[in-house]
Structure formats: structure tokens, C-alpha cells
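Heads up, the thing below is written out as C-alpha cells.
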Amino acid sequence: MPPPPPSLRVRLAGLRDAGIGAGLAALVGALAGTAGAGFLVALDVVTAARFAQPWLIAALPFAGVLMAWVYRVAGRDAERGSNLIIEQIHQPGGGVPLRMAPLVLGSTLLTHLCGGSAGREGTAVQMGGALAGGVQRALRLGPAHQSRLLSAGMAGGFGAVFGAPLAGAVFALEVLMRGRLTYRWLGPCLVAGFVGDRVCIAWGVHHADFRALAGLGDLAATPGLVVLAKAAVIGLACGLCARLFVAATHGVAKGLEHGVSKWWLRPMLGGAAVGGLAWLLGTDAYLGLGAWSPDATDPTLETVFKAGGTEPWSWLAKLGFTALTLGAGFKGGEVTPLFFIGAALGNALASPLGMSVALGAALGFVALFAGASKTPLACTLLAMELFGGAQVGAFAVACFVSYLASGAAGIYAAQRRPEGEGD
């Protein structure tokens, strides 16, 4: 016989719990959106200061020593960053310390002020997770709420910084385990992602209009088989590039850890290497975020969607600068540099493949991140939110091929893999 229907009391309790969960997620999203707005404003300020004072790149080695010392003195578990949040979602325990938020904010701004090649996603996700942990402790909520709130914090931070709340919600769940997606906390993540995005905008912070930059509106709504095949080629190239990026970043970190005994000397050498590479190439175009530049001839995310907007080797140059920066311990995250690297690679491959440069760059923009983070569904949704849905089939093909070609290693060491899954 079928089980009896739930009583009215049980149903009301379920609605009450859902309402409380949505309210907490909205609170976390609002906090993450506010923190994200402040962070984006400050990031623009320090980036403009670096462009105005090129000599600041000489201070990068000393900035690295300073932030390494601060994390050694006050960071403790916070130094593990996004990986700590993922671990605490999988297995709630000590939680995520609130001090992670100011630590990662200050160190990221210092990295960008002095020209380190890093991103902003890691900072946003860590601030969102730290604030979510603070809410949990302030309200004296038990460990049962920890995973849900931390996931919501990640979604709120991602949605606020990139203006992509739907992708942020799915990213917060998909990043937990390679090849697996749980819907258990999808509701709170959606609430936090959309609230974070709206609150960030309410503070007067707006995001780059990638749909206008790419100009994909005039392309056919349904990509043909030839376009899908070309998207698969770009996805394959991005998957292999993701392997190279992960290997290079981890290689720099391990090389410094095993080859340099003094903790303070590692960031100093890494910072000097970044500055030295910029001097050898005779350009500062690959320093910093890579989103914009006062020099219209510099390759950036504003030029990469146009023919001639980057050099054929720009993707490799940005990869090298970013691997040196992050491998030496500087903070900021990988995602925006990955956007640049992937878009520049797609730009370089578009003409040989006989396809639109704008579409090739847009495909690479999301596909490389999909392979490096193992989040192909979130990146497909990200493409829809940033570029529109006209070419969603091509975006999906590129993202999933990149994911399949990217190997086992990714940018998040705490991301779990199903038992028995090989490379």
C-alpha cells in the first residue's frame, strides 16, 4: 500500500524550513553582493593606479613577501582559500573563518596594484564563503546548515562579480565533485546568486557588456553541424590548454616549495620573475586582470573578440604570467585570466577554422574555464548569460569537449572525483 500523505503539520514545517533557508540565502547573497561591489570598485582603483604608475611592478616581489607574512601570522586555515570552502561543504567541521574575507580582499588588491596576473573570482567566492560562515556562527546555526550556507555564499560571490547569477548557482554545486551535480542546495544557491547580482548592481556597479563586445547577435540562432564541429575543435584545444595551465601553475608552486627553503624568498622570486618577463617582452599588457587597458593597442578582454585584437601567442603569454603569479602564492584567483587565455586561443584558431573571430573567442572564453574547473554545465549557462542564447549548442559542445579533454587535474584541489574515475 502507498504510504499515507504527510500531515498538515509536516507540510507546514517543510514550508517554514524552506522559507528560513531562502531568507538565510538571501541574507548571504546580499552580503556577498555588497562585498563584491566594494571589491570591484577597489579593483578598478588599484588597476588604474598601476597603469598610472608603471614602476609599481618593481614592488611586486615585496608585496608577495608582505602577503605571505600576513597569512603566516593571521591566516592559518584561511590560506587554503576556495579549497577550504569546498572541503567544509563536503565535510562540515571547523567552518570557514570570517578573517578569510579581509585577508583575501587586501592581498588581491595588493597583487593587482603591483601588476600580478590574477583574477577576481577566487576573491569573490572566498569572501562569499567567509561571510556565509560568519552568518552561521552569528545565528548559532548547527553544522546541518553549514554546507547549504557555504554553497550559497559561493553562488552569491560568483553571481555578483560576474553578473551571472544562474551560472553562479550551478557553479557552486558543480564544482564540488567532478562529473556529479547535486540539486540538494540548488534553491538557496539560486536565491543567493540572484540577490548577490541585484545587490551589486544596486550599489551602482555594472559589468562589461560582453554581448555587445562579441557582437554575436547577427549569427544564426541554430548552429549547423559544421559550426558544432569547429566548436569541438576549439573545445579540444581549450581542454589541452587547461592541462597546460594546471601543470604550469602547480609546477611553479612545487618547484618553489621544494627548491627554495625560505618561505619569504618564494614570493619574492615569483614576483621578480613576473616583472622580468614583462621587461623581456617589452610590454605590460599581460599584467593584472587583463580586462581593460588605457592603451587601445593592448590585447584585453575588450579587444579579443576582434580580428587582430590579440597576437597569435597572447594566450601563451598570459598563461605564463598567470602561472608565475599564482604559483608563487599571490592571491586573486584564476578565472578572469582563464577567460582571457581561452578567448585569445579561440581568436587565434578562428581564422584557420574559417569561422567568426567573435564566435571563436567567445567559445574559448568559456571552454577553457570549463576544462580547468570541471564545470561544463555552469560554463554553458555562463555563456548564455554573457553572450546570449543564439549559439548555446556551440557553447555546450565546446565546454563539454574541453571538460573531457582536460584530464583529471583541475584548479580546485579539493574538488572530489567519483570512485574509480580515471584520467
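FYI, it's all coordinate maths here, none of it is from the lab. If you're wondering where the values come from, they're calculated on a predicted model, not measured in any experiment. Here the Cβ is made from the backbone with ideal geometry for all residues, glycine too, and neighbour counts use every protein chain on show.
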Fill in: Anisotropy class of the range 9-202 from Cα gyration tensor, a/c 1.5 cut
prolate
Worksheet item: Along the charge dipole of the range 9-202, Cβ charges K/R +1 and D/E -1, which of Pro92, Val65, Thr108 sits furthest on the positive end?
Response: Pro92
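With a length cut of 20 Å (Cα positions projected on each helix's long axis) and a Kyte-Doolittle mean of at least 1.6, go through the chain and give me the DSSP H helices that pass. Mind dumping the intermediate values first?
Numbers: long enough: 8-52 (65 Å, 1.23); 121-138 (25 Å, 0.20); 146-162 (24 Å, 0.79); 186-202 (24 Å, 1.49); 225-259 (50 Å, 1.30); 265-281 (24 Å, 1.29); 335-353 (26 Å, 1.46); 357-373 (24 Å, 2.01).
Membrane-span-like by this rule: 357-373.
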Worksheet entry | Candidates Ala237, Ala155, Ala370, ranked by Gaussian network fluctuation over the chain, Cα under 10 Å, top entry | Ala237
Worksheet item: Pick from Leu150, Leu381, Leu139: which is most flexible by mean-square fluctuation in a GNM of the chain where alpha carbon atoms under 10 Å apart are linked?
Response: Leu139
Practice prompt. Report the one residue of Cys241, Val252, Phe194 whose Cα lies farthest in the direction of the positive end of the charge dipole of the range 192-329 (charges on C-beta: Lys and Arg +1, Asp and Glu -1; origin at the Cα centre).
Written response: Val252
Worksheet item: In percent, what relative contact order does the chain have, based on Cα pairs under 8 Å that are 6 or more apart in sequence?
Response: 22
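Rg(Cα) of the range 258-305 divided by 2.2 N^0.38 Å? Could you put the intermediate results ahead of the total?
Details: Rg = 14.5 Å, N = 48, 2.2 N^0.38 = 9.6 Å.
Normalised Rg, Cα atoms only: 1.51.
Magnitude of the Cβ-charge dipole of the chain, K/R +1 and D/E -1, about the Cα centre, nearest 20 debye? Each step should come with its number before you reach the end.
On the way: 28 positive and 21 negative charges, 251 e Å.
Taking the Cα centre of the chain as origin, the dipole is about 1200 debye.
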Worksheet item: Which of (1) 91, 56, 46; (2) 73, 57, 47; (3) 63, 59, 53 is the computed Cα extents along the principal axes in Å for the structure on display?
Response: (2)
Practice prompt. Among the listed pairs Lys254/Lys331; Lys262/Lys318; Lys254/Lys318, give every one whose C-alpha distance is greater than 22 Å.
Written response: Lys262/Lys318
Worksheet item: Met177's amide H: which non-local residues (gap 5+, or another chain) put their own amide H closer than 5 Å, with H modeled 1.01 Å from N in plane and none for Pro or chain starts?
Response: Arg416
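Which of the GluC sites (Glu not before Pro) found in the range 358-423 are in a DSSP loop and have at most 16 neighbouring Cβ atoms, other than their own, within 10 Å?
Working: sites: Glu385, Glu419, Glu421; in loops: Glu419, Glu421.
Taking the range 358-423 and a limit of 16 other Cβ atoms within 10 Å, the loop GluC sites (Glu not before Pro) found are Glu419, Glu421.
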Discussion item. I need the trypsin sites (Lys or Arg not before Pro) found in the range 255-329, filtered to DSSP loop residues with at most 15 other beta carbons within 10 Å of theirs.
Written reply: Lys262, Lys306
Worksheet item: Per-residue ellipticity at 222 nm for the chain, helices alone: DSSP H runs ≥ 4 residues times -39500 (n - 2.57), over residue total, nearest 500 deg cm²/dmol?
Response: -21500 deg cm²/dmol
Discussion item. Given a 10 angstrom Cα cut-off, can you work out which residue in Val304, Val199, Val366 is the most mobile in a GNM of the chain?
Written reply: Val199
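I need to check one value: relative contact order of the range 210-405, counting alpha carbon pairs closer than 8 Å and at least 6 residues apart, in percent. Each step should come with its number before you reach the end.
Numbers: 341 pairs, mean separation 65.2, N = 196.
Worked out over the range 210-405, it gives 33 percent.
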Item to complete: Per residue, how big is the convex hull around the C-alpha atoms of the range 210-405? Give it to me in cubic angstrom, could you?
Response: 108
